[in-house]
Structure formats: structure tokens, C-alpha cells
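A.B. asks: Dumping the structure here so I can ask a few things about it.
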Amino acid sequence: MNRLAGSHSPYLRQHADNPVHWWPWGEEAFAEATRRNVPVFLSVGYSTCHWCHVMARESFSDPAVAAFLNEKFVAIKVDREEFPDVDDAYMAAVQLSSGRGGWPMTVFMAPDRRPFFAGTYFPPERHGQVPSFRDLLRQIDEAWTGARTEVQTACEQFDKALRESRSANLEPFSGDLSAELLHDCARDLEDEFDAEYGGFGNAPKFPPHTALEFLAAYAKRPDCLLDASAHMARWTLRSMILGGIHDLVGGGFHRYSTDAEWLLPHFEKMLTDNGQLLSVMAATLPLTDGEDEALLRLAGQGIVGWVAERMTDACGAFFTAQNADTEGREGKTYVWHDAEIASQEFKDAFGVIPMGNFLEEATRQRTGENILIWSSPESPVSDGAWRFAAELAELKQRRDQRAQPSTDTKMLASANGLMIRGLADWARATGDAQAQQMAQRALAVWAEQPDWPHMIADGKPMGAAYLDDVAYLGLAAEACIPFAPEAADFARRCGEKLADFPGLVYSSAAHEDCFGPALKPLDQAVPSPVGAAIRLMVRQAIPCESDLIRMSGWMHRAPHASETLHLALMERLDAGKLAGSQAEWQPNELNIKLQAGEKIVGAWRLPGREPLAISGEQITLPENTTEVAYRICDAEACRPEVIATRPGS
């Protein structure tokens, strides 16, 4: 019996019709494996994963494969976004086995949850050294029934290695936590920069969100030692905006480029990518002018429009992702045949050719289809709008009539945090009223949740929040404070919630123990949860020096994977530099000297954080007030919280 039909996860529901007798993750499945004395087959993926769909069609829909699975195993299907701690733990096993990771994840384990074999996608027929999934199942069954001692040894080895690797930390940096670490990070990025196409490294290329955010922030510092910092951010964004990874018709960016030139996309669209790109574009705007500024504004407006049209729930919060596949074929919604476009001038400008410019990801063969890539030597913008704007709008109308990729409609706290922050950053940088309204509305949804859920699915809050959920939402609230001072209270609550994650580990006591607590100091497709938490601590004036010292080994040894930690250090170094904010104590008021454009957005009497009335530069004080906390914002951002103590008290 397949038990996924009632799941809240769209990914699990996609497998509800498989002949495999899937179980959801939980005690019942492992109890069944113990009762039957069979191994557990764990398959982990997510709803917009192309190769997850491929393996489902090839193997999980095959009655013969399903029959063998059902007889010899207990099969568990997990949505990695619903249980990120489970995904993280067993992905570590995959990486220990093969040196790489990916989805779908394929893991075989004993009923006590200890793995003994881990991999990713397995084809229906043998491919080189990779066995077919059918043969793999037979080999695992033979090992379980005929070589149990070896299986037990593998379980013990995996258990030990996982517990050690998940909590591993580098020795702290022996030098001072100074701007020199920031300079080293910038130099490291320059060494790895692709001067021709932008970005870092070779194919496949993923949007380097945290690297670009660091470079944009570093370029604005008075002690910046690398003039190329701003150029690296501008050139990478320009290359992405004009490439196939950018949906020029419908707005938003695809997951990654399968080549080094940002031309050939993997068509999945993630809320996390687009939220981060909005923040990066907002941070880079002050470093641009002319055509590059216009490109950033147009691309940012496209993201806002796509999120409003395709990714917003009726409650105001945001969906997770859109699939790469439509009707079983990757990119079907997005590509064009030459005959579908009449204007030769448009074809020449966007690289549309009769044989097609698109290469299929797996085979690298031409499909006869085209993606739109700016290919003209002319400027892609005219009077602040896209050149051929009318033709692009007409293509969108036609494309909207096609079958559309499915949308994963669960709403993740972490992904919403990144998008809310992106919208708020964009609204402050450009004055975009729609982005501001969307950010405020979505933030209110999460601020009103009573029990800190990890996600909202089918209208119901579910699961306990992880570190990234809390940290990303806290930074999102911080970004909203300049235009929504009431967000300061939610930001403060997020800062206090970090206490549930001692040592800034990923899971709290509300989650199950997956081979011990995990530490996640490095950036991946999303910012380091540890780095984001420390950034929030800086903003909330929560002591974080020891946490930065503890993480400094990663910053020194892996600068291009720890930009979020570097951003946290940057903000910590600047936290005391509150130019123009001087507090003058009077018997019944505290006067704050503000610079032009600054305002006090919140003040609280300490201890207890009793809210205080604010009028311009004055904070009204109850009798016998000796200590006050307050926040100052300008049009761009909020300063970290300041604590002022009455002289002589």
C-alpha cells in the first residue's frame, strides 16, 4: 500500500500513484522494517528536481522493480525541503561514499537508521561502471541476507564517520578578527573570477549570490583594497541577465547554467535563488550607472513581477519553486522553434536560429529549439525599457497559453525569509511600492505564527523551525524596519529564538537526532545558517564575538565558501561606528543627534524591554530610567541596536 496520497508535500503526492509501497518518514516505517527484518530503502528528492522525475518514471513506476522493492525492503520517500535535517545527514553519507552529492538521493540502511550504502541517481540499465537500479536492489538484498556481518561493519563505519563529520569545525584563525580577513576574501574571489563570462569556476555555473553580496558590500567600504570588486559584481550580473539563465519573457532566473557562459539553463526556478538575487541587485545598484543600472532595474522588476504572478499564495506568503519539467520534458514551456517567431530582427537580437541554439542537458545534442539570449552588439535597453519590449510581451501572452510547469506550493520559512529580505532590499533601493507591499504582507504571515513552524502547507503550519528559518526571517524583518518599524519586534523575537540552537547548530531539541548536531558554517545554494545567525546577532546587539572566533578557521581556509561569515564580520567591525548618533540624557527624555535621513524606529526601557514613546529625535523616559535600547535607520538600512546607559548610574 502506498501511503503518500494524504501527504502535505507536493513532492510526496507526485509519488502517490507509484506501485512502490512508499512510507513517509517516521517511526512506523522503521518499526515495520524491524518487524520484517528487512533493510530500509530511502529515496530523497524534491518536487522540482528533474532527475528525481526521471528516476520515478524509469524505476519507481516499473511494476517489476516495485514488486521487488515491496518484497525485500521498506521504502521511504522524503521531501528534502520538508526534512532538511534528514536530507543533510544522509547526503553526508552520499558525499562520504562518492565525494559528490545530488538528488535523487538513494540510501540503504538498517532498521536502526544507520546507512550501509549511499548514492544518487541509478539508471534502468547499466551505464559504464554505474549499475542499473534493478541490479543494485539485487546486490543489496544479497548482502543483507548473505553478508550481514559486512553490512553491520559498514553501518558502524558510517555512523562513526557521520557523527564526526557533521560536527567538525576548523581550528580558529590564529590572527585577529580584522579587516584583513575581508581583504583576503576579496583577493581569493578575484583569483577565481571568470573575467570573460563572470562568475566563478567552470560549468555548471550557479548564481554566486553570497560572493556577489560580499563584493558589493566590500566595494563600498572606505578601506576597500580591490578596485575590481565592483566590476566583478556588475559583470557577473550583466552576463547572467543577458544569458539564457534569465527568463527574459516571464521574469526571474532559472536554477543554474549547464555551461560556463550563462547561456543554457537548467529550467527549474527557485524562490531562494530569486530572493537572493534581488538583494544582490539592490546592493549593486549604487555601483552602476547607464546601461548596467537599467539592466539591473529591469531584471529586478522581472523577479518582482514573476513572484507576484506565479509564486504568491492567497495569504501573502510565497511558494517554494517551479518545476524544470512540463509534461515530462525539461524546459518545454520556455523554448521556441524558429518558425514560431516572425521578426528576423528579433531573431537576430536574441540568437534564434533554424537549427535551434539549445542543447539538451544530458546528451548535449541540439533539440531544434531556442532559448532567448541577447546576441546583438546593440544595447539591450532603450529609454530604460527592454528593446523589443512589445515583442517580449506578445511572446509572454503566447507562452501563458502553453502547459505550465508545476509549482511546489508549500511555503518554507527559510525560502520566504530570503525572498522577503530581497523584496525589502529592492524596495528600499528603488522605491518599488509593489515590492514593499509584498514584503510587509508576507512578513506578517510569519510573524503571526505562534509556534515557529518550518513551513506552511495546505494552509497549515508544520514542523519546528531550523536555524536557517529563524535567521533568514530575522534578517528579513531587519530589512523591513526602515519602512515598517513594527517589524523590529519580530526581528527581536527571531534574535531571542536563536537561543534554541546552542552553538548555532542547525537543529533544535524539537527535532530528532540525526547522527548528532550538525554545524553548517559554509555557504551553498543558500547562505550559511551560522553566518546568517551571526549577522542577525550583530544587528540585535547579541554578543557574538566568540561565535565569530569559533568560525574564523573556515573564513581563513575557505573564503570563497564563507562569504556570509565575512559579511557578518564586516558588520561586526562596523557595529560601533554609528556616525551622528549621540545620546544626551535629560531627566525625562533621551535626545539622539541624528544625521540627515536617519530616524529612530524603536526604543525600549531596559531591563524588560518596555516600549518607549518617540518624537523626532527625542525618546520619552519614565521616572528612574537608567538604561535604554534604541534603533536608528536611514533609507538604506538599520544600524545595530544601541544600548545607552545614564551617566553615573
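A.B. asks: Taking the options Leu177, Leu170, name whichever one is open to solvent by less than 40 Å² (accessible area, probe 1.4 Å), closer than 30 Å to Asp574 by Cα and part of a loop (DSSP other than H, G, I, E, B).
C.D. replies: Leu177
A.B. asks: Look at Glu448 and say whether it is charged (D, E, K, R) and surrounded by fewer than 19 Cβ atoms within 10 Å (Cβ to Cβ).
C.D. replies: yes
Each row is one residue, and each column tells you yes or no for (1) out of contact with any Gly (no Cβ under 6 Å at 6 or more places or on another chain); (2) closer than 22 Å to Asp85 by Cβ; (3) basic (Lys, Arg); (4) open to solvent by 10 Å² or more (accessible area, probe 1.4 Å).
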{"site": "Ser414", "(1), (2), (3), (4)": "yes, yes, no, yes"}
{"site": "Gly417", "(1), (2), (3), (4)": "yes, yes, no, no"}
{"site": "Ala433", "(1), (2), (3), (4)": "yes, no, no, yes"}
{"site": "Ala444", "(1), (2), (3), (4)": "yes, no, no, yes"}
{"site": "Trp452", "(1), (2), (3), (4)": "yes, yes, no, yes"}
{"site": "Ala457", "(1), (2), (3), (4)": "yes, yes, no, no"}
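A.B. asks: Hey, another quick one. Select from the stretch 328-349 the residues that are free of Cβ contacts under 8 Å to residues at least 24 places away in the same chain and among the basic types (Lys, Arg) and write down the one among them that is most open to solvent (accessible area, probe 1.4 Å).
C.D. replies: Arg329
A.B. asks: Okay, moving on. Considering every residue within the stretch 84-99, establish whether at least one is surrounded by 22 or more Cβ atoms within 10 Å (Cβ to Cβ) and closer than 18 Å to Val54 by Cα.
C.D. replies: No: zero hits.
A.B. asks: Working carefully through the options Ser229, Ser279, find the one that is of a type in the set (Ser, Thr, Tyr), modelled with pLDDT of 95 or more, under 22 Å from Pro559 (Cβ atoms) and touching a Leu at 6+ places or on another chain (Cβ under 7 Å).
C.D. replies: So the residue among Ser229, Ser279 that is of a type in the set (Ser, Thr, Tyr), modelled with pLDDT of 95 or more, under 22 Å from Pro559 (Cβ atoms) and touching a Leu at 6+ places or on another chain (Cβ under 7 Å) is Ser229.
A.B. asks: Within the stretch 218-241, track down each residue that is among the hydroxyl-bearing types (Ser, Thr, Tyr) and farther than 17 Å from Ala568 by Cα.
C.D. replies: Ser229, Thr236, Ser239
A.B. asks: Quick check on this structure: which one of Phe206, Phe214, Phe200, Phe193 is crowded, with 20+ Cβ neighbours inside 10 Å, of a type in the set (Phe, Trp, Tyr) and farther than 12 Å from Thr284 by Cβ?
C.D. replies: Phe193
A.B. asks: So which residues in the stretch 419-431 are over 17 Å from Ala471 (Cβ atoms), buried (at least 24 other Cβ atoms within 10 Å of the Cβ) and not small (Gly, Ala, Ser)?
C.D. replies: Leu423, Trp426
A.B. asks: Could you please find all residues in the stretch 251-280 being of a type outside the set (A, V, I, L, M, F, W, C), in a loop (DSSP other than H, G, I, E, B), open to solvent by 10 Å² or more (accessible area, probe 1.4 Å) and out of contact with any Asp or Glu (no Cβ under 8 Å at 6 or more places or on another chain)?
C.D. replies: Selection gives Asp259, Glu261.
A.B. asks: Would you pick out the residues in the stretch 367-383 that are in a loop (DSSP other than H, G, I, E, B) and under 18 Å from His246 (Cα atoms)?
C.D. replies: Glu369, Ile371, Leu372, Ile373, Trp374, Ser375, Ser376, Ser379, Pro380
A.B. asks: Hey, another quick one. Out of Leu569, Leu565, Leu573, I need the residue that is over 22 Å from Ser165 (Cα atoms), at pLDDT 95 or above and either open to solvent by less than 20 Å² (accessible area, probe 1.4 Å) or assigned to a helix (DSSP H, G or I) (or both). Which one?
C.D. replies: Every option except Leu569 fails the conditions.
A.B. asks: Give me the residue from the stretch 21-51 that is among the β-branched types (Val, Ile, Thr) and either over 20 Å from Met270 (Cβ atoms) or assigned to a loop (DSSP other than H, G, I, E, B) (or both) and, out of that set, nearest to the chain's Cα centre (by Cα).
C.D. replies: Thr48
A.B. asks: crowded, with 22+ Cβ neighbours inside 10 Å, in contact with a Leu (Cβ under 9 Å, 6 or more places away or on another chain) and in a strand (DSSP E or B) - does that describe any residue in the stretch 118-132?
C.D. replies: yes
A.B. asks: Moving on to the next point. Please determine, by comparing only the residues of the stretch 6-20 that are farther than 23 Å from Glu512 by Cβ and part of a loop (DSSP other than H, G, I, E, B), which one is most open to solvent (accessible area, probe 1.4 Å).
C.D. replies: Only one residue tops the list, namely Asp17.
A.B. asks: Additional query: Within the stretch 601-613, is there a residue that is in a strand (DSSP E or B), farther than 22 Å from Arg535 by Cα and of a type in the set (Val, Ile, Thr)?
C.D. replies: no
A.B. asks: Something else about it: Can you name the residue in the stretch 459-485 that is at pLDDT 95 or above, of a type in the set (Gly, Ala, Ser) and not in a helix (DSSP H, G or I) and is also most open to solvent (accessible area, probe 1.4 Å) among such residues?
C.D. replies: Top of the filtered list is Gly463.
A.B. asks: Can we say Val74 is open to solvent by less than 10 Å² (accessible area, probe 1.4 Å), closer than 19 Å to Phe515 by Cα and touching a helix residue (DSSP H, G or I) at 6+ places or on another chain (Cβ under 9 Å)?
C.D. replies: Spelling it out, it is not the case that Val74 is open to solvent by less than 10 Å² (accessible area, probe 1.4 Å), closer than 19 Å to Phe515 by Cα and touching a helix residue (DSSP H, G or I) at 6+ places or on another chain (Cβ under 9 Å).
A.B. asks: Same structure, new question: Which members of the stretch 318-346 meet the condition of being part of a helix (DSSP H, G or I) and within 32 Å of the chain's Cα centre (by Cα)?
C.D. replies: none
A.B. asks: Can you name every residue in the stretch 347-403 that is of a type in the set (D, E, K, R), under 31 Å from the mean Cα position of the chain (by Cα) and at positive phi?
C.D. replies: If the condition is that a residue be of a type in the set (D, E, K, R), under 31 Å from the mean Cα position of the chain (by Cα) and at positive phi, then Arg364 is the only one that fits.
A.B. asks: Do we have Gly503 as within 25 Å of Leu569 (Cβ to Cβ), of a type outside the set (Phe, Trp, Tyr) and either open to solvent by 10 Å² or more (accessible area, probe 1.4 Å) or not in a loop (DSSP other than H, G, I, E, B) (or both) here?
C.D. replies: Against the criterion (within 25 Å of Leu569 (Cβ to Cβ), of a type outside the set (Phe, Trp, Tyr) and either open to solvent by 10 Å² or more (accessible area, probe 1.4 Å) or not in a loop (DSSP other than H, G, I, E, B) (or both)), Gly503 qualifies.
A.B. asks: Additional query: Of (1) open to solvent by 50 Å² or more (accessible area, probe 1.4 Å); (2) touching a Gly at 6+ places or on another chain (Cβ under 6 Å); (3) touching a residue at least 60 places away in the same chain (Cβ under 8 Å), Gln540 satisfies all except one. Which?
C.D. replies: It fails just one condition, (1).
Residues checked against (1) touching an Asp or Glu at 6+ places or on another chain (Cβ under 7 Å); (2) crowded, with 18+ Cβ neighbours inside 10 Å; (3) closer than 12 Å to Ile241 by Cα; (4) aliphatic (A, V, I, L, M):
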residue	(1), (2), (3), (4)
Leu287	no, yes, no, yes
Leu296	no, yes, yes, yes
Gly305	no, no, no, no
Ala308	no, no, no, yes
Asp313	no, no, no, no
Thr326	no, yes, no, no
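A.B. asks: Of all residues in the stretch 160-174, how many are over 22 Å from the mean Cα position of the chain (by Cα) and touching a residue at least 24 places away in the same chain (Cβ under 8 Å)?
C.D. replies: Selection size over the stretch 160-174: 10.
The values are calculated or read from the model by the stated rules, or taken from the named source; none is laboratory data. Note that this is a predicted model, so its numbers are computed, not measured. Note that each Cβ is placed from the backbone with ideal geometry, even for glycine, and that neighbours are counted across all protein chains shown. In case anyone asks, the SASA skips ligands and DNA or RNA and just uses the protein heavy atoms, side chains included. Shrake-Rupley method; radii C 1.70, N 1.55, O 1.52, S 1.80 Å.
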